[in-house]
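Below you'll find the structure, written out as structure tokens, and then a few comments.
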Amino acid sequence: MSDCIFCKIANKEIDSNLIYEDESVVAFSDINPQAPTHILVVPKKHIGSINDFQEVDKDLAAHILVDVVPKLVKDLKIDESGYRVVINTGEEGGQTVPHLHVHLLGGRKMTWPPG
Ligand code: 5GP
Ligand code: ZN
């Protein structure tokens with residue numbers, strides 16, 4: 001999508017601190033980190049939110065949770081200490097960028113409820 005900031009980051013039209021990339025996903029540091037580790041895992045394909053997932057996106061969704069997140073947390077050595085994976089969805093869910101993204105937060109003790 002041409003005016004989407006995360007599409008632009010995925011297409012390298014806007015700089016980011018790229019941490020991981022493969023054929024379907026990019027991961028980069030959040031510009032306003034909420035924890036010592038705060039990475040956004042973003043599908044290259046424009047998907048607005050979980051609400052917009054289609055049957056064809058099943059492999060992509062599984063890839064993010066089964067391959068990419070576990071690899072990143074191991075590389076960052078937060079797999080044992082713990083981390084949080086968040087997908088804010090819609091206005092009340094706190095989503096501000098309308099391109100699906102998985103927040104990966106770690107490096108500090110998280111609190112619950114998240115607020
Ligand atoms: P949301 O509020 O939609 O769940 O998360 C959007 C996240 O994207 C926020 O944590 C915000 O800091 C981050 N963000 C917004 N614009 C940019 C940007 O241009 N670059 C990077 N790296 N992160 C961004
Ligand atoms: Zn997009």
* Structure fact -> Subset of the range 35-60, residues exposed (fewer than 14 other Cβ atoms within 10 Å of the Cβ) and either touching a residue at least 12 places away in the same chain (Cβ under 8 Å) or within 16 Å of ligand 2 (Cβ to nearest atom) (or both), comes to P36, N51, D52, Q54
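Among the candidates D15, D30, which residue alone is within 12 Å of ligand 1 (Cβ to nearest atom), within 13 Å of the chain's Cα centre (by Cα) and among the acidic types (D, E)?
D30
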* In this structure, is D30 surrounded by 14 or more Cβ atoms within 10 Å (Cβ to Cβ), closer than 16 Å to T96 by Cβ and of a type in the set (D, E, K, R)? -> yes
* To do: Could you list all residues from the range 79-115 that are in contact (Cβ under 8 Å) with a residue 60 or more places away in the chain and among the aliphatic types (A, V, I, L, M)?
  => V97, V102, L104, L105, M110
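Counting just the residues of the range 1-12 that are assigned to a helix (DSSP H, G or I) and without any contact (Cβ under 8 Å) to a residue 60 or more places away in the chain, which one comes out farthest from ligand 1 (Cβ to nearest atom)?
Across the range 1-12, the extreme among qualifying residues is A10.
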* To do: Answer with yes or no whether E80 is within 13 Å of ligand 1 (Cβ to nearest atom) and among the acidic types (D, E).
  => no
* What number of residues within the range 61-105 satisfy the criterion of being open to solvent by 60 Å² or more (accessible area, probe 1.4 Å), in a loop (DSSP other than H, G, I, E, B), within 17 Å of P43 (Cβ to Cβ) and aliphatic (A, V, I, L, M)? -> 1
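The values are calculated or read from the model by the stated rules, or taken from the named source; none is laboratory data. If you're wondering where the values come from, they're calculated on a predicted model, not measured in any experiment. Every residue, glycine among them, receives a Cβ derived from its backbone with ideal geometry; neighbour counts consider all protein chains shown. Surface accessibility is based on the protein's heavy atoms, side chains included, excluding ligands, DNA and RNA. Shrake-Rupley method; radii C 1.70, N 1.55, O 1.52, S 1.80 Å.
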